[in-house]
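Below you'll find the structure, written out as structure tokens, and then a few comments.
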Amino acid sequence: MKKIYILLGFVLSFSINSQEIVDEAILTQVDASNESIKLQEQINKLDEESKKIYFEYKDTLNEYKSLKSYDDQLSKIVDQQAKEIQSILAQIDSLDDINIDILPLLKRMVDSLKLFIGYDLPFLLDERTKRVNDLDVLITRADVTTAEKFRKIFEAYQLEADFGRTIESYDGFIDIDGIEKAVEYFRLGRLGLFYRTPDGKETGYWNANIKDWQHEGSSLNASLKSALDIANRQSPPNFINLPLKPVDTNE
């Protein structure tokens, strides 16, 4: 009986040892599987990171190409602008040379206009004198371009030219026998300048021969009244009977 127990103990011991070996093998396999899973997860994670880095690289490369293209275009624009600046500077230098000749010419034009107004019929004298004096100041201003100075002077010449082919009436004052009286002036182009008091008792005209006013009492009242009505568009155009300076055919 004792031998049998020993044998059973051996078999039982052997069975226990075998089970432990199997369990250890299973545990080892499970650990290996778990390790494989962890490694695969790491591989997957590294793969995702590598893909992410790759796409970031591609995006960076595309952005670099775009920036490079833009930079090249910008460089061309800057180069072109630099050439334009040099061209403008050259034009400014040439304008300085032109101004040396133009500014004295403009000054002579203003002086000539001032003399002309002094010799002309004395109509709107304050207004015209102020205009030419303003031009005299304008040509010395550094903040006004030469083109603008020329335009202003040309406009003044144009205004003076228009006076020669228009008629007009305007209110003013005149000294008659030491008494200043309100009158209505009538300008007939540059042929004649006349005045009339509101009551028509005083009339007269500018005598270019004596360079002074010729007072005619009320003798020109009817003619001037008709002329003023035409100038004020209160009557249709008609013949006007007024004394004029004889035209010199030898001029």
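Values quoted throughout were computed directly from the atomic coordinates according to the rules given, and no laboratory measurement underlies them. All values reported here derive from a predicted model rather than from experimental measurement. In this analysis, Cβ positions are derived from the backbone assuming ideal geometry, glycine residues included, and neighbour counts consider all displayed protein chains.
Using only Cα atoms, figure out Rg for the stretch 100-162 and give it as a multiple of 2.2 N^0.38 Å.
Values: Rg = 11.5 Å, N = 63, 2.2 N^0.38 = 10.6 Å.
Normalised Cα radius of gyration, the stretch 100-162: 1.09.
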Could you point to the residue in 154, 106, 132 farthest towards the positive end of the stretch 100-162's charge dipole, with +1 and -1 charges on the Cβ of Lys/Arg and Asp/Glu respectively?
-> 106
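Normalized C-alpha radius of gyration of the stretch 167-231, against 2.2 N^0.38 Å?
On the way: Rg = 10.8 Å, N = 65, 2.2 N^0.38 = 10.7 Å.
Taking N as the residue count of the stretch 167-231, the ratio is 1.00.
Roughly speaking, what is the stretch gain from residue 112 to residue 54, that is 0.36 nm per residue apart minus the C-alpha to C-alpha distance, in nm to one decimal?
On the way: separation 58, 0.36 × 58 = 20.88 nm, distance 8.28 nm.
Full extension from residue 112 to residue 54 adds 12.6 nm.
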For residue 107, which lysines qualify as cross-link partners when the Cα separation must be under 28 Å and same-chain residues fewer than eight apart are set aside?
-> 130, 149, 152, 211
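Net charge near residue 224: determine it from the other residues with C-beta under 10 Å of the C-beta of residue 224, scoring Lys and Arg +1 and Asp and Glu -1. Mind dumping the intermediate values first?
Numbers: positive: 196, 225; negative: 184, 216, 229.
For residues surrounding residue 224, the net value is -1.
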Packing-based exposure ordering (other Cβ within 10 Å, fewest first) of 242, 115 = 115, 242
Got the relative contact order for the stretch 122-223 handy, in percent, Cα pairs under 8 Å and 6 or more residues apart?
-> 15 percent
Filtered hits (lysines, Cα-Cα < 23 Å from residue 225, offset >= 8 within chain) -> 181, 201, 245
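Would you mind ranking 107, 68 so that the residue whose beta carbon has the fewest other beta carbons within 10 Å leads the list?
Details: 107 16, 68 10.
So the residues, fewest neighbours to most, are 68, 107.
What does the highest-first list of 231-237, 215-221 look like by mean Cβ count within 10 Å? Could the numbers behind the result be given before it?
Working: 231-237: 11.0, 215-221: 15.7.
Packing order, densest peptide first, comes out as 215-221, 231-237.
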Taking a straight Cα-to-Cα line shorter than 21 Å from residue 68, and setting aside same-chain lysines fewer than 8 residues away, one finds 58, 76
